[in-house]
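Have a look at the structure below, then the notes.
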């Protein structure tokens, strides 16, 4: 007579195969979830990169104006030339909205296009320049 652990009954045959199939389905769903999570992480990283680039470009304009503050404040032509050279340095997917004439305070707004994420592709930088020019 065979020990009970070795004996198989007719109704248990194929049960191991069913367990394996269920385990494969659970593993496939888990792998799909991990793949989706990885995709979202990459999209967020790219969005963060775009936000960082926009911040750098906004700060670049602040530094350009600050570098020649008195001339930008006194001459509309100098300020316009500063804006024109700054706009030429922007990436093609980025646009900026800044005051067209010099103001000691204002908001610099940059927008960029990212077809994968459309949830707030905007940066607004509040700027205030000191009144140090005669």
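Of the numbered conditions (1) at pLDDT 90 or above; (2) closer than 18 Å to residue 127 by Cα; (3) within 23 Å of the chain's Cα centre (by Cα); (4) in a helix (DSSP H, G or I), residue 34 fails exactly one; give the number of that condition.
The single condition residue 34 does not satisfy is (2).
Sort out which residues of region 105-134 are in contact with a helix residue (DSSP H, G or I) (Cβ under 8 Å, 6 or more places away or on another chain), closer than 18 Å to residue 71 by Cα and part of a strand (DSSP E or B), and write them in order of number.
127 - this is the single residue of region 105-134 that is in contact with a helix residue (DSSP H, G or I) (Cβ under 8 Å, 6 or more places away or on another chain), closer than 18 Å to residue 71 by Cα and part of a strand (DSSP E or B).
Would you mention how many residues in region 84-104 are closer than 21 Å to residue 50 by Cα, out of contact with any strand residue (DSSP E or B) (no Cβ under 9 Å at 6 or more places or on another chain) and in a helix (DSSP H, G or I)?
Residues in region 84-104 being closer than 21 Å to residue 50 by Cα, out of contact with any strand residue (DSSP E or B) (no Cβ under 9 Å at 6 or more places or on another chain) and in a helix (DSSP H, G or I): 3 in total.
Can you tell me which residues in region 37-59 are within 13 Å of the chain's Cα centre (by Cα), closer than 30 Å to residue 104 by Cβ and touching a residue at least 24 places away in the same chain (Cβ under 8 Å)?
50, 51, 53, 54, 55, listed by residue number.
Looking at 73, 43 in this structure, which one is assigned to a helix (DSSP H, G or I) and either at pLDDT 90 or above or within 21 Å of residue 127 (Cα to Cα) (or both)?
One residue alone meets the criteria, 73.
In a helix (DSSP H, G or I) and either in contact (Cβ under 8 Å) with a residue 40 or more places away in the chain or touching a strand residue (DSSP E or B) at 6+ places or on another chain (Cβ under 7 Å) (or both): is that true of residue 62 in this structure?
For residue 62, the condition - in a helix (DSSP H, G or I) and either in contact (Cβ under 8 Å) with a residue 40 or more places away in the chain or touching a strand residue (DSSP E or B) at 6+ places or on another chain (Cβ under 7 Å) (or both) - is met.
The values are calculated or read from the model by the stated rules, or taken from the named source; none is laboratory data. If you're wondering where the values come from, they're calculated on a predicted model, not measured in any experiment. Cβ: placed from backbone, ideal geometry, glycine included. Neighbour counts: every protein chain shown.
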